[in-house]
Each structure stands twice: as C-alpha cells, then as structure tokens.
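A.B. asks: I have a structure here, written as structure tokens, and I will follow up with some questions on it.
The values are calculated or read from the model by the stated rules, or taken from the named source; none is laboratory data. None of the values given here were measured: they were computed from a predicted structure. Cβ atoms come from the backbone with ideal geometry, glycine included; neighbour counts cover every protein chain shown. Side chains are part of the model used for accessible areas, which takes the heavy atoms of the whole protein and leaves out ligands, DNA and RNA. Shrake-Rupley method; radii C 1.70, N 1.55, O 1.52, S 1.80 Å.
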Amino acid sequence: MIRLRSIPLIAVLATTGPGSILAQEEIGARYAQVEFGGRLHSQLATSSADGGKSTDFFTRRARLTIDVRVSPLLDGRVQPDFGDGKLELKDAYFRLNFDRGFRLSAGQFKRAFDIFELDSSTDVVVVERTGRIDGLSECGGVGGVCSLSRFTEKLAYSDRDIGVKIDGSLGERLRYLATLTNGTGTGGADENSGKSLAARLSVRLADDMWLSGNVARHDFVAADGGTEAATALGGDLEIGRFREGTHLQIGVVSGENWRLGDSTPGGIPGFLTAQAIVTRYFVWQGNGWEGVEPMARVSWGDPDRGADEDAGLLLTPGVFLYVKGKNRIGANLDVYRSGSGATEFSFKLQTYLYY
C-alpha cells in the first residue's frame, strides 16, 4: 500500500519516467484509489501586431491530473499545471455523488457559465479560446481581441474559481449546473464579503442537440473600495459531439463590462458577443494517423454598446490531425479585424499529448 505522502513523488515519476509507466493506472492509497493522467500542450505562435513576438515557442499546458475515488459516494480531483513557466492549481475539489440528479462539490472548479469555457482543453478545436494575438490589447476593458471567451474570462463570468457547486441530470433531457464562488479566480483569497453566482440549464431537443441558458452575477471591488456586482446572460446551442462527424456550437452572451467602469450616464457599459465553431471529423486510418478535422470559428464582440467603432471580428480557420484519441496536432490562423478597420493575425501550431 502506498502512503499519501508518497503521491507527489509518484505523480512526477508517472509523467516523467520512462514510458510514463504509471499513466492512467490506479494505485491504492490508504482509503482511496488514485488514478494518474495528464496533458502536455506545446505551442508555436506568431503575431503581426506591433510590440508582439513575431514567433514564440512555449509550453501552453503541462498538467498532472490526480483523480481520487474513496467510494461511490465520494471522489475528488487535484490538478496542478506547470504551463507558461509557472505553477498553478487548476481543478481541486471534493465531490459527493448523492445521486445522478444531484452532486455536491467543494473546492476549485469552473464556474457554471459559457459552453466554450466549460469544455475541456483536451477536446476544444481552437488552439486559443480567446483568439489571443500577442501585442494586441485594444478591446475595451478586457484587452486583447473582442472574442466571446475573452469577455467571459476577463470579466470573471467564466473560468475557475473557489466555492461550492451543484450539478446533475434530471432524466434524459435536462441537465443543470450552479456555482457559488469567491469571484477572485484561482488560488486567491476573496477580496470582499460578496460572492459570485453562476447557473446553467440545458435541455436536450433531440439526439445530440442541446439548448442551454446561462446567468452569472459577479461581485467586484469598485473604485471607491465598495462592493458592486455585474450581470451577464447567455445562451448556446450544441449539435453533435467532439470527434464524431459534424459538430456545431453557437453561443451568445450579453452583460455588463464592469472593467470599463461607470463611464456612461446609465451605469456600467453593456457588452455583446457571439461565436460559432463548426468542425467535421473524418476517419483517416493509415501511417499511424486516426483522423483529420477541419474547423472554422467566427467570433464577434462589442465591449461598449453605447460607443461606435469599438467592436471586433475574429475569424479562425484551422485543421487538426489525430494520432489516437485526444492525441493530436492542431493549426489555427486567427485573423482579427477591429472596428477601426485594422487587421492583425496570428498563426498557431500546437501539439496535444494526452496520457
């Protein structure tokens, strides 16, 4: 039997030892079964923007996933990430599985908002959800380009946070997810006594067709030191599944861009953003390959609906080559056109190792 204090060493050996011998293997640890896995994403990115790196090699993600199962009632996960040259904790939660219709989690996890953020980076078919172009930071309040994920991430309506979560499936046609969190993101102490709420409800319209609605209420520290809150609403439609023929995701989000501050007579400026991603997976067996998947993304965003010529359009054609399962190579060309008419682009090539 392996003691829990030995797990960190075993975890490192699992990902760095010859052949990653322990990857995807279960190990007994006192009162639990522990399974190790992870992902490694390495990227080459270019940028046409002034001040951006013309070429850049870096480790985008290097995560070790430790799944712990104590009993059918209790399980959990710890997921450190060594990407971008720093150590950061991603998922880290304790979960009680009372029933298929009700699970309760405590710890750090993704907020219940935005389908594009809730999907795992091992599945998504864009190299960068935000369409990041190095050196470009012109989208009001949130910086970067005006893409859907840029708004939801930087305005803290989506992405990871610390708190409690409930989720479940009610029959075969209804799923729900709700989170109550600090609002300050990963690994940080709360800035105030307020809490952020997000909720998501999904209805199955037909086989492999889901319609979902999202709502988020994010608390933040205002310029005067007090606590205020901003709201966002969203909806999305998903048709198909990852790596199974045609897959389509369409989302719309509208809300308050609180990072712009109280710059309008009516209060916090409102933003609006929409995005669609479509892919087609083809089985391609031979020479060690398993499949090929061309894709396209269209993302539009307006950071201040009361201002002119500040919106932007992001177009992303690309293709992914699959070796086996989620192990693949992906190429994207992010082309961004701002409201002023300027165009910038970034080519990204990323390798995906899933173990």
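So that you can scan it fast, the table gives a plain yes or no per residue for (1) open to solvent by less than 20 Å² (accessible area, probe 1.4 Å); (2) of a type in the set (Ser, Thr, Tyr):
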| position | (1), (2) |
| --- | --- |
| Asp50 | no, no |
| Gly83 | yes, no |
| Lys90 | no, no |
| Tyr93 | no, yes |
| Ser105 | yes, yes |
| Ser120 | no, yes |
| Gly131 | yes, no |
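A.B. asks: What are the residues in region 184-213 that are open to solvent by less than 40 Å² (accessible area, probe 1.4 Å) and modelled with pLDDT under 95, if any?
C.D. replies: Those that are open to solvent by less than 40 Å² (accessible area, probe 1.4 Å) and modelled with pLDDT under 95: Gly185, Gly188, Asn192, Gly194.
A.B. asks: Here's something else I'd like to know. Consider Phe116 carefully, then state whether it is among the aromatic types (Phe, Trp, Tyr) and open to solvent by 40 Å² or more (accessible area, probe 1.4 Å).
C.D. replies: no
A.B. asks: While we're here: Scan region 134-153 and tell me whether some residue there is at pLDDT 95 or above, under 17 Å from the mean Cα position of the chain (by Cα), open to solvent by 40 Å² or more (accessible area, probe 1.4 Å) and under 23 Å from Ala230 (Cβ atoms).
C.D. replies: Checking region 134-153: at least one residue is at pLDDT 95 or above, under 17 Å from the mean Cα position of the chain (by Cα), open to solvent by 40 Å² or more (accessible area, probe 1.4 Å) and under 23 Å from Ala230 (Cβ atoms).
A.B. asks: Just one of the numbered conditions (1) touching a Ser or Thr at 6+ places or on another chain (Cβ under 9 Å); (2) open to solvent by 30 Å² or more (accessible area, probe 1.4 Å); (3) free of Cβ contacts under 8 Å to residues at least 60 places away in the same chain; (4) of a type in the set (Lys, Arg) is not true of Lys324; which one?
C.D. replies: Among (1) touching a Ser or Thr at 6+ places or on another chain (Cβ under 9 Å); (2) open to solvent by 30 Å² or more (accessible area, probe 1.4 Å); (3) free of Cβ contacts under 8 Å to residues at least 60 places away in the same chain; (4) of a type in the set (Lys, Arg), the lone unmet condition for Lys324 is (1).
A.B. asks: Could you name every one of the strands (runs of 3 or more DSSP E) located completely within region 214-287 that has at least 1 residues being touching a helix residue (DSSP H, G or I) at 6+ places or on another chain (Cβ under 9 Å), of a type in the set (A, V, I, L, M, F, W, C) and open to solvent by less than 30 Å² (accessible area, probe 1.4 Å)?
C.D. replies: 227-241, 244-256, 270-280
A.B. asks: Condition test on Leu64, is it on the phi < 0 side of the Ramachandran plot and touching a helix residue (DSSP H, G or I) at 6+ places or on another chain (Cβ under 8 Å)?
C.D. replies: When the stated conditions are applied, Leu64 passes them.
A.B. asks: Follow-up question, since we're still on this one. Do we have any residue at all in region 92-99 that's touching an Asp or Glu at 6+ places or on another chain (Cβ under 6 Å) and free of Cβ contacts under 8 Å to residues at least 60 places away in the same chain?
C.D. replies: yes
A.B. asks: Also, I was wondering about something else. Anything in region 78-117 that is part of a strand (DSSP E or B), among the basic types (Lys, Arg) and either over 19 Å from Gly188 (Cα atoms) or modelled with pLDDT under 95 (or both)? List them, or say none. Let's see the steps before the verdict.
C.D. replies: Here is the first cut: in region 78-117, the residues part of a strand (DSSP E or B) are 78-81, 88-99, 102-110.
Okay, now just the ones that are also among the basic types (Lys, Arg), so 90, 95, 103, 110.
Arg95, Arg103, listed by residue number.
A.B. asks: Output the number of the condition that Ala307 fails; it satisfies all remaining conditions of (1) at pLDDT 95 or above; (2) in contact with a Pro (Cβ under 9 Å, 6 or more places away or on another chain); (3) open to solvent by less than 60 Å² (accessible area, probe 1.4 Å).
C.D. replies: That leaves (1) as the condition not met.
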